[in-house]
1. Does Ala619 qualify as being farther than 24 Å from Asp340 by Cα and in contact (Cβ under 8 Å) with a residue 12 or more places away in the chain?
2. Just one of (1) at pLDDT below 95; (2) part of a loop (DSSP other than H, G, I, E, B); (3) open to solvent by less than 30 Å² (accessible area, probe 1.4 Å) trips up Gly154, so point out which.
3. Take Ala276 and tell me if it is closer than 23 Å to Pro217 by Cβ and of a type in the set (A, V, I, L, M, F, W, C).
4. Filter the range 345-383 down to the residues that are under 28 Å from Ala474 (Cβ atoms) and small (Gly, Ala, Ser) and list them by number.
5. Within the range 203-226, which residues are open to solvent by less than 40 Å² (accessible area, probe 1.4 Å) and either under 12 Å from the mean Cα position of the chain (by Cα) or over 17 Å from Asn391 (Cβ atoms) (or both)?
6. Do the conditions hold for Val334, that is, is it β-branched (Val, Ile, Thr) and surrounded by fewer than 22 Cβ atoms within 10 Å (Cβ to Cβ)?
7. Of the residues Arg166, Arg132, which single one is over 21 Å from Leu22 (Cβ atoms), surrounded by fewer than 22 Cβ atoms within 10 Å (Cβ to Cβ) and touching a residue at least 40 places away in the same chain (Cβ under 8 Å)?
8. Hey, could you check the range 73-85 for residues that are more than 17 Å from Asn241 (Cβ to Cβ) and outside any loop (DSSP other than H, G, I, E, B) and say which is most open to solvent (accessible area, probe 1.4 Å)?
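The values are calculated or read from the model by the stated rules, or taken from the named source; none is laboratory data. If you're wondering where the values come from, they're calculated on a predicted model, not measured in any experiment. Neighbour counts run over all protein chains shown; Cβ positions are idealised from the backbone, glycine included. To get the accessible areas, we keep the full protein, side chains included, count just its heavy atoms, and leave off ligands, DNA and RNA. Shrake-Rupley method; radii C 1.70, N 1.55, O 1.52, S 1.80 Å.
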Amino acid sequence: MKVTVLDMQPIEPAIGGGRLRLLGLYHGLGPATSTLYVGTYDWPGPGYRRQKLSPTLEELLIPLSPGHFKAADERARLAGGRVIIDSTFAEMAHLSPDYVAAARNAAAEADVVVFSHPWIYPLVREMLDPARQLIVYDAHNMEALLRMELLDDGRAGTEIVRDVIRVEFELCHAAHLLLACSHEDRVAFNRFYGLAYERMRVIPNGTFTEKIRPATPGQKASARQELNLDSAPVAFFIGSNYHPNAEAVAFIAGVLAPALPHMLFVVAGGVGEGFANRPKPFNLHVTGYVDDDERQRWLHAADIAVNPMFGGSGTNIKMLDYMAAGLPVVTTPVGARGIDVSEEAFAVADPAQFATAVDTVLTNPARAAALAGAARQQIRTLYSWERISRNLGHLLRRHHSRLDKRRPFFSVVVPSFERHGQLTLLMENIGRQTYSDFEVIVVDQSGSQWPDREIPWTMDLLYLHTDVRGPGFARNTGAMMARGRVIAFIDDDCEPFRDWLEGARGHFSEPGIVGVEGLILSDRAGDPEWRAVTNEGFEGVGFMTANLFVRAEVFHAINGFDIAFGDLPFREDTDLGWRAQELGTIVFSRAARVYHPPQPRSLERESLEARSHFFERDALLLHKHPGKYAELMRRERQWLQNPYFWPHFLAGTRRYRVKLPDNVRNMIPWNIRPKADSA
């Protein structure tokens, strides 16, 4: 598969969020994929360049003409000196015919054409063949909102913003897929441009976790010595020459450094250019541009990272670098935007409390170590460029290979873990379905790959193997690949009846139906020696993913399974169902049936005591849905029947810092009730 990526900047050197995303996303789409990046320089001087950036990624740079830069400078003068060479690129590109020709040729030859930013789309639009080529918009930001923030002045800047909105709107609706950096951006595209959620995927920013690693004690000591640092704690910030980064540096210089004189604040990267000649606090050091080795040295030397961001769009790649380096991080809510984690991996503070939060983390070594450890683990799992690029390759190949095929109605998503024999049985049962308009996506988290993956199954089957654990992660990955209008979730040890899909299909013809909860049958209900897996008697409250259908549009609109529930198979499905209900009705169907074999309590992992550890997640469910959780408690009655329930539930309230509402607090036995609530 040939992929062409088009933009108007270089990738190397990979400095700044845009270039880092380009390198990270496209460096490793897979050995069967070749990627050509066609870009240019947004400054005069450098010449033609063609080079390999990875075994599968090639960069081609075509310089812009002197006339192009002259016209851009004049337009910038009219816009008050603002940078506009990118947002006016389509208007002026005819002045650089060599670049336009290279972009058009590369687009015409590609199987997949990716527009990284919307600027190049008008130049190659007529060359595209949507029936043969997968068209993708990789949206680093929502450019309409960002350019309004940067340029909207009621005069020349506003004219540019109008053109940006027009170009971005056209690309959004021409593309088969839009890749957003965060769910917040995805919501903005839906609301601003009316783009369907099921045509968008969140492909987050990341970092190279194999390259950026936590410092050993020896590396830290060596880095501090090389940088001539004394014993003062070092707080680190890095950023490109970008207005929101400059705001952050102004806050560091004007607020943080004066408030924490015992610390050294270090600002690295191009953002320092605007502060080089300004008066600075004695404990603020501005390095200017740093290469990869220097950046790594500062990351090793630092004791904490700060990210006081107040504007911009998308996610902050610098946050991911800090976390990969195993640094405790203090950030504003804006700085943490789009970074979802299943454990507390950074401290979030508003501007007024920011300095106090930095000092609190540094003076509590245990908390600093916990944040640093969680940050590194979460980055490796969720935000590793190595993993993100590989998954994007799967997504592009999947959608390109099926451009000539109608979308299936169902995408059956199956997470699997160390049950290959049962997975094979499930595939055999799915292959016998009376309703045939479906695809199957298996996300296998086992230590080894499924031996039967090479069988020529009769259905459309995508098999993915991953080392990331957790059913929520697996189901989100499967849903990202899914093309169906409805996503059908089932467990790998279930046995669907032949009319399982047919039993659910009819419900989706009814208006307002966003999902179907199918019947889960099991044996040995009421037998204390077995764990019967069934939803009989609990319809409409638990939404077990052993048999659950959700419209793809709704699944993506609510951002799928909440990874805050972590790697345990518990309550993430209930949370998904409750959030989906906010957008419509989930009906219960006895016709969409699966059989789930009971699990013997004699197995250690199935014992009542072992399973009860999962009730820590109930506290998170309570925190998110205080009204609905009380009903769940009444229906399940775990608090009356299970002696292990309360200890683990209360441990969860401490872990997630959940305040108990009266209707839950009053159920807790007085002798174990938290002291703060015992009155």
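1. Details: farther than 24 Å from Asp340 by Cα: no; in contact (Cβ under 8 Å) with a residue 12 or more places away in the chain: yes.
It is false that Ala619 is farther than 24 Å from Asp340 by Cα and in contact (Cβ under 8 Å) with a residue 12 or more places away in the chain.
2. With (1) at pLDDT below 95; (2) part of a loop (DSSP other than H, G, I, E, B); (3) open to solvent by less than 30 Å² (accessible area, probe 1.4 Å) applied to Gly154, the lone miss is (3).
3. Values: closer than 23 Å to Pro217 by Cβ: no; of a type in the set (A, V, I, L, M, F, W, C): yes.
Taking the combined requirement at face value, the residue does not satisfy it.
4. Result: Ala345, Ala370, Ala372, Gly373, Ala374, Ala375.
5. Ile203, Pro204, Asn205, Gly206, Ile212, Ala215, Ala223, Arg224
6. Details: β-branched (Val, Ile, Thr): yes; surrounded by fewer than 22 Cβ atoms within 10 Å (Cβ to Cβ): yes.
Judged against the criteria, Val334 is a match.
7. Values: Arg166 fails: touching a residue at least 40 places away in the same chain (Cβ under 8 Å).
It is Arg132.
8. Keep residues of the range 73-85 that are more than 17 Å from Asn241 (Cβ to Cβ), which gives 73-75, 77-80.
Imposing the further condition that a residue be outside any loop (DSSP other than H, G, I, E, B) reduces the set to 73-75, 77-78.
Working: Asp73: 103, Glu74: 84, Arg75: 33, Arg77: 148, Leu78: 97 Å².
Filtering first and then ranking leaves Arg77.
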